[in-house]
Amino acid sequence: MTLFKYPFLPKLVEKYSGIPISELSAREINLAKERVIESIRRGVVSYPSDYEENVVSYILAMIIVASIGDQYLRRRYSLAEAKTAYRYLKDEEDILEVAREIGVDVKERNRGSFTIPLWEYLKLSKTIRDERWKLVNRTLINGNVLLSRREVARLLMEKIRSEIEEKVSIKVENIPSFLENWVSEIKLELEKRKKSEFKGRIGGRIPPCMIRIMERIKSGENVSHQERFAITSYLIGRGKSIEEVISLFSSSPDFDEKKTRYQVLHISGEISGKRYSPPSCDKMRTFGLCYMDEGCKGIRNPLQYRGVKIDRERRSKKQSKREG
C-alpha cells in the first residue's frame with residue numbers, strides 16, 4: 001500500500017515536518033494554498049501525483065488553516081481532507097493498515113466484513129446521525145460490531161476528520177512569511193464562500209430555529225433527521241429551489257448528492273405528490289429545536305415568522321411616522 005496517499009498519517013507528518021524552509025519548492029508552497037482554497041470551494045481536496053508533495057503541501061495547508069483561526073474554515077478543511085481519504089479507503093484493500101496507523105482497532109472477520117470493539121464504535125459513530133448507525137440497528141458479535149468495508153471507511157473518515165480539526169484548532173502565533181502571502185487571498189475566498197453557500201440571508205426574517213439548523217449544517221456538523229426535515233420543508237415552503245436546498249447540505253460530513261436530492265424531491269412533493277409543511281412550533285419544541293425570540297410570539301409554524309415580522313415592521317414604521 002502506498003501510505004503517501006494518506007498525508008495525515010502520524011509517521012509521515014513526523015518525517016516531513018522537519019524539512020528546512022529553504023528546501024521547500026515553490027510548487028509545494030503553491031499546492032498548500034490550492035489545497036485550502038479547493039477545500040473552501042469544493043469541500044474536497046485533490047492529491048498531487050507526487051506523493052512527497054502531497055504530504056508537504058498537507059502540512060503547510062494545516063499551518064495556514066490554523067493561523068487563520070476561523071472555526072468554519074477549520075471544520076470545512078478537516079472535513080474536506082477526511083472526505084478525500086474516504087474516497088480511497090472505501091475501496092482500499094489494505095484498509096486495516098490505515099486503521100492501525102491512526103489507532104483504530106479493526107479486524108477482518110472474513111473477506112468483505114470487519115469488526116470493531118463496541119466502545120470504539122460508539123466513540124467514532126456518535127456524531128453520525130443516520131439511523132443505520134444506531135446501535136440497535138447493528139449486529140454484535142462477542143462485544144464487537146460487525147461492519148462492511150465502506151462502513152469501516154466511514155468510521156475512519158470520522159476519526160481523520162476529528163483529529164485534523166483538533167490539530168488545526170491549535171493557535172499558531174507566527175507563520176513563515178511565504179505563507180503569510182497566501183492568507184489574505186484565502187480569507188477573501190473564505191468570505192466569498194460564506195456569502196454564496198446559501199443565497200438566502202441568514203437572519204432577519206428567518207426564524208431562529210431555522211438559522212440554528214443552517215448554521216450547524218454550514219459549519220460541517222451532522223444534524224438529526226428532524227433537523228433535516230424541518231429545514232428542507234421550511235426552505236421549500238419559502239420558495240427556495242431544489243438546487244439551493246441541496247447546496248446547503250453539501251457541507252454535511254455524510255453528504256450524498258443522490259440521496260439528498262431524492263429526499264428533497266420527496267419533501268417538495270415532486271416524487272410523493274404531497275408537499276410537506278415544516279413541523280409546527282409545538283413539535284419543534286418537542287424535538288428540542290425551538291429557540292424563541294420576540295418575533296416568534298403568536299406564531300404556530302416557522303413559515304409564519306416572516307409574514308408576522310414584516311407586518312410588525314410595517315406597524316412600527318407607521319407608528320414612528322405618526323410620532324415624528
Go ahead and set up a Gaussian network model of the chain, Cα springs under 10 Å, then flag whichever of Ser219, Ser49, Ser280 fluctuates most. Ser49
Helix 208-218 vs. the chain, principal-axis angle (Cα, 0 to 90°, nearest 10): 20
Treat the chain as a sphere of radius equal to its Kirkwood radius over Cα pairs and apply Stokes-Einstein at 25 °C in a medium of 0.890 mPa s; give the translational diffusion coefficient in µm²/s, rounded to a whole number. 111
For the stretch 3-192, what is the charge dipole size about the Cα centre, in debye to the nearest 20, if Lys and Arg each add +1 at the Cβ and Asp and Glu each add -1 at the Cβ? 940
Please list 3J(HN,Hα) in residue order for the stretch 231-243, calculated via the Karplus relation 6.51 cos²θ - 1.76 cosθ + 1.60 where θ = phi - 60°; whole Hz, with x for glycine and proline. 6, 5, 5, 5, 5, 4, x, 8, x, 6, 6, 4, 5
In the stretch 236-324, the trypsin sites (Lys or Arg not before Pro) that fall in loop regions by DSSP, at most 14 other Cβ within 10 Å: Lys274, Arg275, Lys297, Arg300
Given 0.36 nm per residue, what is the gain on full extension from Ser49 to Ser224 after removing their alpha carbon distance, in nm? 59.2 nm
Quick one: compute the contact order of the stretch 208-317, relative version, from alpha carbon pairs under 8 angstrom and 6+ residues apart, as a percent. 26
Can you put Thr127, Thr232 in order, fewest other beta carbons within 10 Å first? Thr127, Thr232
Rank Ile213, Ile21, Ile310 by how far each Cα sits towards the positive end of the charge dipole of the chain (+1 on Lys, Arg Cβ; -1 on Asp, Glu Cβ) and give me just the farthest. Ile310
Neighbour count of at most 15 Cβ within 10 Å plus DSSP loop: longest GluC sites (Glu not before Pro)-free window in the chain: 174-269
How long is the gain from Ser113 to Glu244 if the chain were fully straight, where each residue apart is worth 0.36 nm and the alpha carbon distance is subtracted? 43.4 nm
Per DSSP H run of n ≥ 4, the term is -39500 (n - 2.57); total these for the chain, divide by its residue number, and report the mean residue ellipticity at 222 nm rounded to 500 deg cm²/dmol. -18500 deg cm²/dmol
Within 15 Å, Cβ to Cβ, of Ala66, how many net charges do the neighbouring residues add up to if Lys/Arg are +1 and Asp/Glu are -1? +1
Give the calculated FRET efficiency between Phe4 and Asp130 to the nearest 0.05, with a Förster radius of 22 Å applied to their Cβ-Cβ distance. 0.10
Relative contact order (percent, whole number), the chain, Cα cutoff 8 Å, 6+ residue spacing: 16
Compute, for the chain, the length of the dipole vector about the Cα centre, with Cβ point charges of +1 (Lys, Arg) and -1 (Asp, Glu) only. Units Debye, rounded to 20. 2340
Calc'd 3J(HN,Hα), the stretch 174-180, phi into Karplus 6.51 cos²θ - 1.76 cosθ + 1.60 (θ = phi - 60°), Hz, glycine/Pro = x, comes to 10, 10, x, 4, 5, 7, 4
Per-residue HN-Hα couplings for the stretch 56-62 [Karplus 6.51, -1.76, 1.60; θ = phi - 60°; Hz; x = Gly/Pro]: 5, 5, 5, 4, 5, 4, 4
In terms of Cα to Cα distance under 14 Å, which aspartates and glutamates are near enough to Lys11, apart from those fewer than 8 places away along the same chain? Glu52, Glu97, Glu101
What angle do you read, to the nearest 10 degrees and between 0 and 90, between the alpha-carbon axis of helix 257-268 and the longest principal axis of the chain? 10
Per its Cα gyration tensor (rounded if a/c is under 1.5, else prolate when a/b beats b/c, else oblate), the stretch 1-90 is best filed as oblate
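Since every read-out is calculated from the coordinates, none of them should be taken as a lab result. Bear in mind the structure is a predicted one, so any value in this text is a computation, not a measurement. Positions of Cβ are backbone-derived with ideal geometry, glycine not excepted, and every protein chain shown enters the neighbour counts.
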